[in-house]
1. Quick one: in segment 108-135, which of the residues that are touching a residue at least 12 places away in the same chain (Cβ under 8 Å) and assigned to a helix (DSSP H, G or I) is surrounded by the most Cβ atoms within 10 Å (Cβ to Cβ)?
2. When you check residue 47 against the structure, is it within 25 Å of residue 141 (Cα to Cα), assigned to a loop (DSSP other than H, G, I, E, B) and not small (Gly, Ala, Ser), yes or no?
3. Is there a residue in segment 10-17 that is within 10 Å of the ligand (Cβ to nearest atom), in a helix (DSSP H, G or I) and either out of contact with any helix residue (DSSP H, G or I) (no Cβ under 8 Å at 6 or more places or on another chain) or within 21 Å of residue 150 (Cβ to Cβ) (or both)?
4. Return yes or no: is residue 112 farther than 16 Å from residue 8 by Cα, of a type outside the set (Asp, Glu) and more than 13 Å from the ligand (Cβ to nearest atom)?
5. For segment 65-95: of the residues being at pLDDT 95 or above and assigned to a helix (DSSP H, G or I), which is surrounded by the most Cβ atoms within 10 Å (Cβ to Cβ)?
6. Within segment 93-109, restricting attention to residues that are in contact with a strand residue (DSSP E or B) (Cβ under 9 Å, 6 or more places away or on another chain) and within 16 Å of residue 7 (Cβ to Cβ), which residue is nearest to the ligand (Cβ to nearest atom)?
Amino acid sequence: MQKKIAFFPGSFDPFTKGHEDIVVRALSLFDEIIIGIGHNSSKARYFPIEKMITWIEETFEGKPVKVVAYNNLTANIAVEMGANFLLRGLRNTTDFEYENSIAQVNRFLVDGLETVFLITSPHLAPISSTIIRDLYRYGTNIDTFLPYNINT
Ligand code: ADP
């Protein structure tokens, strides 16, 4: 049978416990998960991409999880990487509105590329990369929101 490979795209600036929860739960549905950090050279990141790749790899050591950085259309890179599903998390209706259109477009671009959504675990729903970035920028310790240690 064909391996079930999911491509989990995002900015992951930073990758949070909310993202980790989606990946851990998806590991019971898929044989392999590829986390794709989308980056655009004209849009500066806050957390360096190379560091983020290492931190995510550490988080899933020993699990069938790969991490890649990409600068392309998500649907194209997913196919290039051999993925047959896209994986996304849904926190609220705002996420839904956006995800709905993106999923339709991705399926239009690549016939049969299905997006699988996991509903956020309630205790992680308030976590967003944007808020965590702001906390960090103004000197707040963000360790509790991250599945890896950024201080080593
Ligand atoms: P993007 O810039 O593509 O929205 P993000 O890195 O913010 O990328 O998020 C990647 C995916 O993870 C999205 O599907 C988003 O809805 C989901 N996500 C973000 N935060 C959480 C969370 N706390 N719980 C579950 N899913 C989340």
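1. 132
2. So residue 47 fits the description; yes.
3. yes
4. Criteria met by residue 112.
5. Among residues in segment 65-95 that are at pLDDT 95 or above and assigned to a helix (DSSP H, G or I), the one surrounded by the most Cβ atoms within 10 Å (Cβ to Cβ) is 78.
6. 99
The values are calculated or read from the model by the stated rules, or taken from the named source; none is laboratory data. Since the structure is predicted, the reported quantities are computational estimates derived from the model, not experimental observations. Reconstructed Cβ throughout: ideal geometry from the backbone, glycine too, with neighbour counts over all protein chains shown.
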